[in-house]
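Below is one structure, written out as structure tokens; the observations come after it.
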There are 2 protein chains.
Amino acid sequence: MHSQNLINIITDALPSLNKSESKVAQVILSDPDAATRSSIATLAKKAGVSEPSVNRFCKRFDAAGFPDFKLKLAKSLVSGIRFVNRNVDPNDDVDGYTPKIFDSTINNLALVRDKISHSRVNQVVDKLIQAKRIYFFGLGASGSVARDAENKFFRFNLPVSCHDDVLMQRMLASTGTTGDVFFIISHTGRTKEVVEVAEIARANGSTVIGLTAPKSPLADISSVTLDVEVPENTDEYMPMTSRIVHLVILDVLATGVTLRRGPEFLPHLEKIKNSLKPTRYSKDN
Amino acid sequence: MHSQNLINIITDALPSLNKSESKVAQVILSDPDAATRSSIATLAKKAGVSEPSVNRFCKRFDAAGFPDFKLKLAKSLVSGIRFVNRNVDPNDDVDGYTPKIFDSTINNLALVRDKISHSRVNQVVDKLIQAKRIYFFGLGASGSVARDAENKFFRFNLPVSCHDDVLMQRMLASTGTTGDVFFIISHTGRTKEVVEVAEIARANGSTVIGLTAPKSPLADISSVTLDVEVPENTDEYMPMTSRIVHLVILDVLATGVTLRRGPEFLPHLEKIKNSLKPTRYSKDN
DNA sequence: CAGTTAATGAAAGATTCTTACAAATTGGGC
DNA sequence: GCCCAATTTGTAAGAATCTTTCATTAACTG
């Protein structure tokens with residue numbers, strides 16, 4: 001549905017462009033927003049090329065013509081990566097890095113939104129609904145994701161727990177049986193301990209759901225895998241976004257479970273919500 | 001920076017439109033995406049009105065003309081609230097709720113990105129840099145956010161800890177002194193226990209940073225507040241997005257601290273990263 | 001360096017959009 | 001119910017914008 005960001009596509013294609021095409025690209029990349037507002041004549045003049053060159057440029061990037069190109073460009077400018085270089089620069093100040101980090105997170109979410117397999121989501125919801133018990137496992141940064149999952153899923157009146165201790169994980173995995181679901185969260189999917197825990201769990205007939213990188217050892221051994229492909233952060237300054245993506249996916253799963261439970265389950269959720277009221281200062285003071 | 005969604009604006013204006021204008025509105029709202037791709041003639045025909053009527057319609061909604069209108073409409077369709085009703089519907093299936101949850105998260109992030117005070121972020125980075133000790137406090141869902149923060153900030157070689165136990169929080173707050181930073185995370189900012197802990201900490205001369213809702217009791221008592229205004233989720237099916245926003249803000253802060261530390265700090269981060277290598281299966285097998 | 005291929009732009013043509021103006025409709029006021 | 005003013009709507013011409021064709025120029029190859 002969503003393709004990659006047009007601006008990135010143009011940037012990537014830059015080296016393979018010929019003279020006039022690259023002139024056009026330069027002008028567009030230097031101020032994409034202005035480009036969406038100008039006519040083909042204006043843009044051609046600014047780039048020092050003819051109108052047909054601009055038109056050809058547009059067609060090269062899978063647009064029907066110039067107007068269509070402007071439309072696609074405009075779409076690329078919203079919310080996604082909004083500028084050519086969105087990496088945090090060592091010289092950035094607050095005004096620099098703050099929006100960049102938001103943008104890169106947003107961008108990754110949009111990517112996963114368009115790539116995630118809905119049928120897999122459905123499968124996982126199935127497993128969670130049928131589970132006798134659910135364990136959320138994670139280490140390091142994924143530990144807090146697991147914890148958040150626990151905090152979300154206990155609401156479904158199911159025996160849920162979360163563990164970020166390798167030994168606990170091992171022991172629980174080894175005592176698991178059919179009907180137990182081990183939901184294992186791992187950014188890389190290559191941490192040995194985690195993979196071993198998954199192996200143990202499966203050997204005992206439990207269901208293992210992996211929220212992890214595609215084609216990783218953990219993905220291979222899981223009963224169902226929710227692949228999340230988030231680009232590795234080679235940039236030292238950029239935070240790891242996969243945690244955030246994992247959390248949103250867990251939100252999706254929780255919503256899926258709620259919907260399956262049907263409307264007669266809502267009062268239960270309401271009760272939990274209300275239980276917290278006495279702990280709060282009321283809003284009108 | 002971000003204006004309100006065009007589709008919502010049109011929907012709201014619907015009752016005040018005259019006959020042909022509302023015909024145009026109907027056609028656009030029924031399939032906004034198609035509208036961005038069609039010519040004024042096509043659209044006019046579909047709506048059963050003349051071309052100038054469509055043109056007038058566009059101008060009524062602050063567009064220079066039809067092409068400009070299409071551009072603005074296209075922007076409205078991306079990433080943000082992409083449709084009239086983006087709430088999860090009890091009858092939604094996976095294909096329905098999955099993108100909706102991503103979209104609503106993305107939308108909230110974009111909102112906060114455009115609203116967050118950069119000078120506040122800078123102030124908080126200052127405090128964190130100067131801190132002798134940092135405590136991250138949170139309860140419930142904010143507990144796992146605090147935990148994530150700990151996992152991020154220990155890398156700075158500072159005494160950092162996180163606590164989700166009210167009694168621990170109280171005790172630590174009461175023993176805090178000048179130079180200690182209590183970073184308190186709370187969605188509502190109205191949980192009594194949390195506010196009291198903040199009061200105790202301040203009374204002892206510690207710095208309290210509140211990552212919470214604006215104008216809340218916690219915000220009032222904090223030394224510095226990072227306001228996060230995320231719409232209350234009245235919808236039973238929609239997850240709480242503030243956690244995610246909080247995490248991204250903590251990412252921003254961590255980046256701010258890293259940058260302040262300067263490039264000579266990078267080897268330290270690298271060391272931590274490398275320490276995990278032996279725990280992983282290598283990538284080429 | 002000739003011959004071929006690719007790249008580019010001029011100009012005409014097609015399409016799309018906008019404007020001016022006239023016709024039609026609507027809504028009071030008598 | 002009828003007239004007049006105000007508003008709404010459409011026709012048609014005109015303007016702007018975009019696309020195509022084709023000739024020219026540049027680049028590459030043996």
- Read through the list (1) open to solvent by less than 30 Å² (accessible area, probe 1.4 Å); (2) within 16 Å of DNA strand C (Cβ to nearest atom), then give the number of the only condition that B:D33 fails. (1)
- Kindly establish whether B:S20 is more than 27 Å from A:T258 (Cα to Cα) and within 16 Å of DNA strand D (Cβ to nearest atom). yes
- The lone condition A:L73 fails out of (1) out of contact with any Cys (no Cβ under 8 Å at 6 or more places or on another chain); (2) open to solvent by less than 60 Å² (accessible area, probe 1.4 Å); (3) within 16 Å of DNA strand D (Cβ to nearest atom); (4) at pLDDT 90 or above is (4)
- Message: I'd like to check which strands (runs of 3 or more DSSP E) are fully inside segment A:135-238 and have at least 2 residues that are more than 22 Å from B:R280 (Cβ to Cβ) and more than 12 Å from chain B (Cβ to nearest Cβ).
- Response: A:160-163, A:180-185
- Query: Would you pick out the residues in segment B:61-76 that are out of contact with any helix residue (DSSP H, G or I) (no Cβ under 7 Å at 6 or more places or on another chain) and away from DNA strand C (no atom under 12 Å from the Cβ)?
  - Reply: B:D62
- For A:T255, are the conditions met, namely being assigned to a helix (DSSP H, G or I), among the polar types (S, T, N, Q) and at pLDDT 90 or above? yes
- Message: Considering only residues that are within 9 Å of DNA strand C (Cβ to nearest atom) and either among the small types (G, A, S) or touching a strand residue (DSSP E or B) at 6+ places or on another chain (Cβ under 6 Å) (or both), which ones fall in segment A:20-30?
- Response: A:S20, A:S22
- Item | Residue tally, condition surrounded by 16 or more Cβ atoms within 10 Å (Cβ to Cβ) and closer than 15 Å to B:V208 by Cβ, over segment B:121-141 | 11
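Yes/no per residue for (1) open to solvent by less than 10 Å² (accessible area, probe 1.4 Å); (2) closer than 26 Å to B:P159 by Cα; (3) among the acidic types (D, E):
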position	(1), (2), (3)
B:T177	no, yes, no
B:E193	no, yes, yes
B:I209	yes, yes, no
B:S216	yes, no, no
B:K271	no, yes, no
B:S275	no, yes, no
- Quick one: which residue in B:S104, B:S20 is more than 28 Å from the chain's Cα centre (by Cα) and either touching a residue at least 60 places away in the same chain (Cβ under 8 Å) or outside the structural domain of B:S242 (by TED's automatic domain parsing) (or both)? B:S20
- Task: For segment A:186-194, state whether one or more residues are of a type in the set (K, R), over 27 Å from B:D95 (Cα atoms) and touching a strand residue (DSSP E or B) at 6+ places or on another chain (Cβ under 6 Å).
- Result: yes
- Task: Could you check how many residues of segment A:36-60 are more than 11 Å from DNA strand C (Cβ to nearest atom), surrounded by fewer than 19 Cβ atoms within 10 Å (Cβ to Cβ) and not hydroxyl-bearing (S, T, Y)?
- Result: 2
- Just give me the residues in segment B:151-165 being open to solvent by 40 Å² or more (accessible area, probe 1.4 Å) and over 18 Å from A:D164 (Cα atoms), in sequence order. B:R155, B:N157, B:P159
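Here's the yes/no breakdown for (1) more than 20 Å from A:L14 (Cβ to Cβ); (2) within 8 Å of another protein chain (Cβ to nearest Cβ):
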residue: A:P32; (1), (2): no, no
residue: A:K45; (1), (2): yes, no
residue: A:K75; (1), (2): yes, yes
residue: A:G96; (1), (2): yes, no
residue: A:F102; (1), (2): yes, yes
residue: A:L111; (1), (2): yes, no
- Message: Given the condition more than 16 Å from DNA strand D (Cβ to nearest atom), under 25 Å from B:S104 (Cα atoms), of a type in the set (F, W, Y) and at pLDDT below 85, answer yes or no: does some residue in segment A:80-91 qualify?
- Response: yes
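The values are calculated or read from the model by the stated rules, or taken from the named source; none is laboratory data. Just so it is clear, the structure is predicted and the values come from calculations on it, not from any experiment. Using ideal geometry, Cβ is built from the backbone for each residue, glycine included, and neighbour counts are taken over all protein chains shown. With ligands, DNA and RNA removed, areas are computed over all heavy atoms of the protein, side chains included. Shrake-Rupley method; radii C 1.70, N 1.55, O 1.52, S 1.80 Å.
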